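The values are calculated or read from the model by the stated rules, or taken from the named source; none is laboratory data. Because the structure is a prediction, the values reported are computed rather than measured. In this analysis, Cβ positions are derived from the backbone assuming ideal geometry, glycine residues included, and neighbour counts consider all displayed protein chains.
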Amino acid sequence: MERFASLLDALGRTSQRNAKLGLIGAYLAATPDPCRGWAMAALTGELRLAAVRPQLVRKLIEARMDPTLFRLSYDYVGDLAETVALLWPDSGPGAAAPSLSEAVARLQSLSRAEAPAVLAGMLGTLDVSGRFALVKLATGALRVGVSARLARVALAEAFGLDVGEVEEVWHGLSPPYLPLFRWAEGRGPRPDAAGQPVFRPFMLAHPLEDPGRIALADHLVEWKWDGIRVMAVVSGGERRLYSRDGNDISEAFPDLLPALAQDMVLDGELLVRAPGGGVGSFHQLQQRLNRRTVSQALLEAAPAFIRAYDLLFEGQTDLRALPLAERRHRLERMVAGLAPGRIDLSPRLEAADASRLDALRRAPPDPGIEGLMLKRLDSPYVAGRVTGLWWKWKKDPLTADCVLMYAQRGHGRRSSFYSDFTFGAWADGTLLPVGKAYFGFTDAELAWLDRWVRAHTIARFGPVREVEKRLVLEIAFDSVAPSGRHKSGLAMRFPRIARIRADKPAEEADTVAAIAALAQAGR
Amino acid sequence: MDAVPGWLEVTRAGLRLRQADVWLDPARPVPRAIITHGHADHARGGHGEVWATPETLAIMAARYGPQPGAHALVPGATADLGGVGVSLHPAGHVLGSAQVRLEGPDGTVVVVSGDYKRAPDPTCAPFEPVPCDIFVTEATFALPVFRHPDAREEVLRALAALRVQPERCLLVGAYALGKAQRVLALLAAVGWARPVFLHGALLRLTALYRELGISLPETRAVADVPREALAGEVVLAPPSALADRWSRRLPGGGQGPILAMASGWMRVRARARQRGVELPLVISDHADWDELTATIRELGPREVWVTHGREDALLHWCALERVPARALHLVGRDDEDD
């Protein structure tokens, strides 16, 4: 446990990718099985320990100290595991601390009823770093700035493997990945995922910086749809839908699964259909996510479909080494044989030159479009973001001048700074909240905003402060849609603070009606 | 809860003795001020008359130029300001730092702690508990997550990191007034026998500490030595220099210097990350949670006033302890610096 705890400490203190790769690699090379496998599971978010919920950890600490002082501490620190690690009473030398795999084994075999005593017992044997690691592990949210991808790159580099091969075999394995480490150390064969309905890593695009330099004739141009990128995997009749990060989201889309009627691996955009037949808003799509069961009403109100981009497997044949032009040809053939209302093709666009392309980007025909994709026709399908093959070119954001109303302390890197900002627009002389932004600013601007909030507070509600209504923020957002969840009746997509307009009087900020007009214009 | 004594005015701008029109640690220039210590959010330039310890006056003179209206008040001596007896008592925060004891004509005693700590510090006089009716306390680290460890252990940890990476230098971010000199004294105390190298911004106050009789180990200016010679050495710099190009030119064996920061905030991971700190050193010149609460228990005041910081938690603790308490919500205090 101590080694894993120091790894988490060190990872938390660096933001450099290479340093993180080095730390994880050194840990994997120096740590025996099965501990290192459980560490990989924790870093990649594949460790599931159902018996320990954050609520249980809270109860344990609240039984040991004043609950209000705990809550205030948690508000400030912004991370449950760290707060508990810092507050848990230190105990003298006693029972030995568990190893990582012993801790995992104990946590995995726990019933809900046993969990409190076992967890408290283990916490009592650890120091601050160890307690932090244990609670992170037990509640399943490490958040140490390491993506699953980065952890796998570190593993590949530590053992001199090709990361594409690691990605490929990864999804057919489960923790603590003993066959993977046997293969990595040359003690066993490469594990094989063929024939299983496993996730295949997505190919990603870079933002297009210089449209003038793209040879359009060499590229397939299509819309970038504003939904959720999914991989539909069908093997031996087993059907799965995976999101970008490899999560299985099949359960939430029972209406879509029957339409996946062929063995295949297909890359596309998950969207819902609006009542008029067009593409529904991202907010409507969100209603369908993270549900175990979906009501009939919701299935009818927002039916799901896939707009297909690419074909990775046709039957059991791996197409990924083929050029995009050939895969697209086979994709068209495949989609023609599937239910048209549930799976359709992302249309190819034609543009003679960069300026016509730019015109398309600026004025897309559907509000469900985020911009353009440009993909080299000869590109193979390769995992990750490979430079020079695929490009994304987003439309320009909308902006509105809004007034800061409330600020809340942030979490993670921003904890203890007021960094979540609720802003409003005018309606009949009063301000109505229209959104919340927690990025877009530099560290210096964050420090400035934090000071401003502290100096202009008029009321406090726990971690939230209400401020004087006089600071104008220029908010950029990708789109805005009608929403019943907000008093203003509007919901912004991806709002961020574009500029602090300390020079502008609050009375001159935008009105709710003006922002609503942008929603109309977008439609 | 008792009312504020009639001779004292309390507003968000600060505390003021009504009769003599004297402010305590005012955020703006005023005709008359009592200053608890030399940090910039307590001691500002441009006041008319100033009452403070001789050390604090010397620090203000070094920072703001000559102080023509200065009244040196040695700890324990009393001045009568409009019928209020004013005396200063060591606060243990930085050199010259003092609590202000105010005894009004009605006999009520108010002690304004300023910033203070109870942990040992070889560079300043230790905190003196002063019995009082009303104790005005800071609350910079007033959350139970803040427990400062033994500062010597923190310095030893930093030196251990340097020992295994002798091709890099250990760059410690430390505030120019107080923290930097305390870290110097700590280095000497744990047996670091080499000279310590200082960023230019730390030279003047370090020299002033020596002039005021504080014994510190040998120091040299970074500017006076070739950069390569700093591998394996300890360098102190103000925190702002950590993220600067200045620090990138220090020897680091390809990784840059070992970035350390000496501050009570380093107890919280996110704070270390925000600073880009690789080696957080929890060394604070403020009282931690245990010191704050133990001090209130020890003094047993009739009432506690909380000036700035995490006042919610301290107020709640006072309520649990049945000590009447209120927050002053003073403006102009920058509690980030430690």
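Brief remarks follow.
- Filter result (more than 14 Å from every other protein chain (Cβ to nearest Cβ), of a type in the set (S, T, N, Q) and in contact with a Leu (Cβ under 9 Å, 6 or more places away or on another chain)) within the range B:276-306: none
- The range A:217-233, subset closer than 21 Å to A:ALA259 by Cα and within 18 Å of the chain's Cα centre (by Cα), residue surrounded by the most Cβ atoms within 10 Å (Cβ to Cβ): A:VAL230
- Members of the range B:146-176 found to be of a type in the set (D, E, K, R), under 29 Å from B:ALA313 (Cβ atoms) and outside any helix (DSSP H, G or I), listed by number: B:ARG147, B:ASP150
- A single member of B:LEU250, B:LEU230, B:LEU259, B:LEU236 is buried (at least 18 other Cβ atoms within 10 Å of the Cβ), in contact (Cβ under 8 Å) with a residue 24 or more places away in the chain, in contact with a strand residue (DSSP E or B) (Cβ under 7 Å, 6 or more places away or on another chain) and within 14 Å of chain A (Cβ to nearest Cβ), and it is B:LEU259.
- Looking across A:GLY371, A:GLY384, A:GLY440, A:GLY462, one residue alone is touching a Phe, Trp or Tyr at 6+ places or on another chain (Cβ under 7 Å), touching a residue at least 12 places away in the same chain (Cβ under 8 Å) and either of a type outside the set (Asp, Glu) or within 14 Å of another protein chain (Cβ to nearest Cβ) (or both). It is A:GLY371.
- Residue check, B:ASP312 buried (at least 16 other Cβ atoms within 10 Å of the Cβ) and at the interface with chain A (Cβ under 10 Å from one of its Cβ atoms): yes
- Tally of residues being touching a strand residue (DSSP E or B) at 6+ places or on another chain (Cβ under 9 Å) and in a loop (DSSP other than H, G, I, E, B) across the range A:216-242: 2
- Qualifying residue in the range A:448-457 (condition: among the acidic types (Asp, Glu) and surrounded by 15 or more Cβ atoms within 10 Å (Cβ to Cβ)): yes
- Residue in the range B:9-31 that is β-branched (Val, Ile, Thr), in contact with a helix residue (DSSP H, G or I) (Cβ under 7 Å, 6 or more places away or on another chain) and surrounded by 24 or more Cβ atoms within 10 Å (Cβ to Cβ) present: no
- Every condition in (1) more than 14 Å from every other protein chain (Cβ to nearest Cβ); (2) among the basic types (Lys, Arg); (3) in contact (Cβ under 8 Å) with a residue 60 or more places away in the chain is met by B:ARG163 except one, and the failing one is (3).
- The set of residues in the range B:136-145 being crowded, with 23+ Cβ neighbours inside 10 Å and either within 12 Å of chain A (Cβ to nearest Cβ) or outside any strand (DSSP E or B) (or both) consists of B:ALA139, B:THR140, B:PHE141, B:ALA142, B:LEU143, B:VAL145.
- Number of the condition not met by B:LEU156 [criteria: (1) over 30 Å from B:LEU236 (Cβ atoms); (2) among the aliphatic types (A, V, I, L, M); (3) assigned by TED's automatic domain parsing to the domain that holds B:TYR209]: (1)
- Members of the range B:35-81 that are part of a helix (DSSP H, G or I) and of a type outside the set (Ser, Thr, Tyr): B:PRO54, B:GLU55, B:LEU57, B:ALA58, B:ILE59, B:MET60, B:ALA61, B:ALA62, B:ARG63
- Flag if B:ALA27 is modelled with pLDDT under 95, closer than 26 Å to B:ASP285 by Cα, among the hydrophobic types (A, V, I, L, M, F, W, C) and in a loop (DSSP other than H, G, I, E, B): yes
- Taken over the range A:443-459, the criterion of being under 17 Å from B:GLY309 (Cα atoms) and in contact (Cβ under 8 Å) with a residue 12 or more places away in the chain is satisfied by A:ALA447, A:ASP450, A:TRP452, A:VAL453, A:ARG454, A:HIS456.
- Only listed residue being touching a helix residue (DSSP H, G or I) at 6+ places or on another chain (Cβ under 7 Å) and either more than 24 Å from A:LEU271 (Cα to Cα) or buried (at least 18 other Cβ atoms within 10 Å of the Cβ) (or both), chosen from A:ASP318, A:ASP310: A:ASP310
- Scanning the range A:357-387 for residues that are part of a loop (DSSP other than H, G, I, E, B), more than 16 Å from A:ALA217 (Cβ to Cβ) and either in contact with a Cys (Cβ under 8 Å, 6 or more places away or on another chain) or modelled with pLDDT of 90 or more (or both) yields A:PRO380, A:TYR381, A:VAL382.
- Number of residues in the range A:387-419 that are away from chain B (no Cβ under 14 Å) and in contact with a Phe, Trp or Tyr (Cβ under 8 Å, 6 or more places away or on another chain): the value is 11.
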